[in-house]
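The values are calculated or read from the model by the stated rules, or taken from the named source; none is laboratory data. Keep in mind it's a predicted model, so treat the numbers as computed, not measured. We place every Cβ from the backbone using ideal geometry, glycine too, and count neighbours over all the protein chains shown. SASA here: full protein model, heavy atoms, side chains in, ligands and nucleic acids out. Shrake-Rupley method; radii C 1.70, N 1.55, O 1.52, S 1.80 Å.
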Amino acid sequence: MKKSDLFFNVLRLPVDFLMLISAGLVTYFFRTEILSVFRPVLFDFNLPITRYVYLVVLVSALFICVYAMSGLYSMKVRMKVGEEFSKILIASSAGILLVIIYIFLRQELFDSRFLILGGWFFAILFTLLGRLIIRYVQRTLVSKYNFGIQRVMIIGDDEGALRIKQDIENDPASGYRVVKALSGPDALEIKSALDNYGVNEIILTHQNYSEDKIIELLDLCNDNHVTFKFVPNITQLMASNFSIDIFKGLPFIEIKRTSLEGWGRVTKRLVDVFGSLIGLIVLSPVFGLVAFAIKWETEGPVFVKLRRVSKNREFDLLKFRSMIDNAHELNPYLRLVANDRVDAGPLWKMKDDPRITRVGRLIRKTRIDELPQFYNILMGEISLIGPRPHQPDEIARYEKHHKKVLAIKAGATGLAQVSGSSDISFEREVALDSFYIDNWSLWLDTKIVLKTAIKMFFDKSAV
């Protein structure tokens, strides 16, 4: 880890603590001074300022512990702003939940609901503000004053070496400075560079060298306390999701099909359960109106069960019926005569489908026809977010690289759906879903949900 990253990662802890205390004091001031303009406040008599400050310090320490467990002080990677904000939001919510539980059990602290809600809001705001300030100070000190920089030697004569060198030179705030570039791992040149340039880190851009050369390079790095990194080749990139286990002193590397493992899978399932329950309850009036409209226009059931595949398992996907009854029986004929099919690989898609009813066209444009899938989500057949669920006969025509989308549960919405809906080609859809599988995160799921909500109102490309 770069010295600058280490320094500012450590600095975040006391800054967070001070910002949390400040948030608590601002909440107290807002409660006693600002709100008193609108209504009498008896808060001063219930909780003196000295006792309140004591409680704020204790709660701030609790929040710091929750922040640490959530990974906000991790030394492994530098988080992006969006990821950092999501962790602050989740950890602060967990911290305030612990406070509420304590109040419920003891019933002796204070009776102001605003202190709870206000403290939660200002804790998030102040913590995020403090971390944004640290980011700005770090970028300024590193880029302008070379604070805690890492002196790098790049070894390689390929395009990757040139690209890394240019990227480092174009981003002085990264904390790296290229002090030497070599075409190959020559031991004498490397030793000379280590002595003369104060190299802290060596980056090997490709490994088309003998095993002896690479081992010698590793020994040099170990002897001189220099960090060694390498750029993986295409085979290693295909195994980017992996975990390491030690058995009897022997390291085992597990190649994972997706990064969605462990607590990530548990979290995703909890979000699915609570999200689907809330959706079914809140949208129940919409369900009633749509059911009435469908039955009023045409004969047939309100819902249709469509055979789909999710993670190599077949299930019945629920949708509001948007076509005439028994529309699937016309599929073979429409495949022959349709001249407006979407380029969809093994999928069957058709624009201006004559089987769609008037109500069906409306609920398709607004994606309302897909709301019954909350039931499938609740039952664990699909997830809220994931690859699009396809028909068994379509999957039977998949090529080898297409089958990666079966690594996780299908989703009611997903990256492919919000990136072009039915207008994108099947190959593009597979590429987007594969990216989602390899790069899953709770923040990515949040962005997809927000984009889905926007598309429900403004995108009319559904077929």
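Some values worked out for this structure:
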item	result
At R0 = 30 Å, FRET efficiency that the Cβ-Cβ distance of Leu55 and Thr267 yields, to 0.05	0.50
Links that overshoot a 18 Å alpha carbon limit, given the list Lys295/Lys319; Lys268/Lys455; Lys3/Lys165; Lys268/Lys319; Lys268/Lys447; Lys311/Lys404	Lys268/Lys455; Lys3/Lys165; Lys268/Lys319
Accessible surface of Met75 - all protein chains present, 1.4 Å probe, nearest 10 Å²	80 Å²
Total formal charge among the other residues, if their Cβ is under 10 angstrom from that of Pro172, Lys/Arg +1 and Asp/Glu -1	+1
Heavy atoms of Trp440 accessible to a 1.4 Å probe, total area in Å² rounded to 10	40 Å²
Whole-Hz couplings from phi, Karplus 6.51/-1.76/1.60, listed for segment 441-457; x for Gly and Pro	7, 5, 5, 5, 4, 4, 5, 5, 4, 5, 5, 4, 4, 5, 5, 4, 9
Highest-first arrangement of 367-376, 125-134, where packing means the average Cβ count within 10 Å	367-376, 125-134
Segments 285-292, 141-148 sorted - mean Cβ within 10 Å per residue, highest first	141-148, 285-292
